[in-house]
Amino acid sequence: LNAARADYDRTAANYRQSVLKAFADVETVLSNIDLRRIQSEAQERVVESARKTSDLASVRYKEGLDTFLNVVDAERSRLSAELDAARILSQRLIAAVELIRALGGGWEKQFSK
């Protein structure tokens, strides 16, 4: 009887530890998702600003008020901002998959014959 109780207590403790770890994992992933959302919103403002700067540089060049080097520099900044936005989006999507996994979701490969 004592051995059975000890086994039960050990199993219950393991279960409690698993549940606490699962809650911690979900909390961590939710926090990560919120952080990525904030980063994404900020980066979209950066991208919009870079696009406007690039457009303005093109107009100034066409009007003869600026050099083509400034157009190239503005385009480089715009492309860099868009690349950063894409990286943040990738991180947001990875975090969404991590949330599904933390909630106990899963997927299996389906092979068709």
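The values are calculated or read from the model by the stated rules, or taken from the named source; none is laboratory data. Everything quoted here is computed from the prediction, not taken from an experiment. Here the Cβ is made from the backbone with ideal geometry for all residues, glycine too, and neighbour counts use every protein chain on show. What goes into the accessible areas is simple: the full protein's heavy atoms, side chains included, and nothing from ligands, DNA or RNA. Shrake-Rupley method; radii C 1.70, N 1.55, O 1.52, S 1.80 Å.
Every residue in the stretch 91-111 that is modelled with pLDDT of 90 or more and either open to solvent by 100 Å² or more (accessible area, probe 1.4 Å) or assigned to a loop (DSSP other than H, G, I, E, B) (or both), please.
Result: Leu93, single match.
Those residues that are surrounded by 12 or more Cβ atoms within 10 Å (Cβ to Cβ) and not charged (D, E, K, R), I need them from the stretch 68-82; list them, please. Walk me through how you get there before you give the answer.
First, pick out the residues of the stretch 68-82 that are surrounded by 12 or more Cβ atoms within 10 Å (Cβ to Cβ): 70-82.
Across the stretch 68-82, the qualifying residues are Asn70, Val71, Val72, Ala74, Ser77, Leu79, Ser80, Ala81.
For the stretch 9-64, how many residues meet the condition of being open to solvent by less than 50 Å² (accessible area, probe 1.4 Å) and farther than 29 Å from Gln91 by Cβ?
Of the residues in that region, 4 qualify.
Can you go through Ala50, Ala12 and tell me which one is touching a Ser or Thr at 6+ places or on another chain (Cβ under 9 Å) and either in a helix (DSSP H, G or I) or charged (D, E, K, R) (or both)?
None of the other options fit; the residue is Ala50.
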